[in-house]
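The values are calculated or read from the model by the stated rules, or taken from the named source; none is laboratory data. Since we're looking at a predicted model, the values are computed, not measured. Note that we place each Cβ from the backbone using ideal geometry, even for glycine, and neighbour counts take in every protein chain shown.
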Amino acid sequence: MIKKISDKDKQDWQNFLNSSDKLENKDQRISLKPKKYIERSIDLHGYTLDEANQKMNSYIEECFINGVNKINVITGKGLRSKNLNDPYQSNNLSILKYSVPNFIKGSDHLMSKIISIDFDAVENPSVGNFDVFLKKRK
């Protein structure tokens, strides 16, 4: 469907081009204030549950003090975890992918520094990492 431009629209456009009124360039305004966004990663492959939880506790503290906004926690998918061989272990909580975010969530001290944890990534079986978003230090 081809729609012709009316003479009135053409005249309005020409008047705009000839006028001294111009539209503000929003791109310039946005680029004047670049956001300071600091991201860090930690890889927990090879850690035991206790070691991973202790490491996360100190790492969140360190990142919070240093003004980090986002932590990418690499845990792996848990596909090679030996927990399936032991009937007395939980299939989910013995895998770092599930236990580390639950450890963080269960700590009021850590949660006071955290905006959110990406639990969608934790529950996704094809993802071996999740993000933790930290509050700004006062």
Original post:
How do the pairs read when you match residues in the stretch 34-60 that are part of a strand (DSSP E or B) with residues anywhere that are hydroxyl-bearing (Ser, Thr, Tyr), using Cβ under 9 Å and keeping only pairs 6 or more apart or on different chains?
Top reply: Arg40/Tyr59; Ile42/Tyr59; Asp43/Thr75
Original post:
Would the stretch 17-39 turn up any residue that is closer than 30 Å to Tyr98 by Cα and modelled with pLDDT of 85 or more?
Top reply: yes
